[in-house]
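Just so it is clear, none of the values below were taken in a lab; they were calculated from the coordinates. None of these values were measured; they are calculated from a predicted model. Glycine gets a Cβ as well: all are built from the backbone with ideal geometry, and neighbour counts include every protein chain shown.
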Amino acid sequence: MHNTAIRRLRIFLITIGVLFLALYAYNQASLFISGPSLIIENPPNNLETQEKLITVSGSTKNASKITLNGKDIFINEAGAFTEELLLTTGYTILEVAVTDRFGRSVAETRNIILTE
């Protein structure tokens, strides 16, 4: 009977270990499966402004490259980015695009009108 209790305990501990490893593997794999994400916090879409210099800021996850209107910009370790953009009078479309290391990409656009 003592051997049976030890055997059951071993099976229980092995089962818990396997479940822990499976959950850990799922959590790590979900980062790769989901692809990159992008949130543009500023400027809001359809912004009308008289300021020629605006700040584009936001955050991203799982990104290896980020561009603003085709120009590479930098993100910090937390995935946040901030970039200044000089507007021309009239209508401007800005596009922020992120790409992960597997080539998957996501892009968002903002429409901005500079009035004088």
Of 95, 108, 116, 77, the only residue that is farther than 12 Å from residue 48 by Cα and touching a residue at least 40 places away in the same chain (Cβ under 8 Å) is 108
Apart from one, (1) touching a residue at least 24 places away in the same chain (Cβ under 8 Å); (2) within 30 Å of residue 116 (Cα to Cα); (3) surrounded by 13 or more Cβ atoms within 10 Å (Cβ to Cβ); (4) of a type outside the set (A, V, I, L, M, F, W, C) all hold for residue 41; the odd one out is (1)
Residue hits (the range 62-84; over 23 Å from residue 111 (Cβ atoms) and of a type in the set (Lys, Arg)) are 65
If you go through 12, 102, 20, the only one that is surrounded by 11 or more Cβ atoms within 10 Å (Cβ to Cβ) and over 12 Å from the mean Cα position of the chain (by Cα) is 102
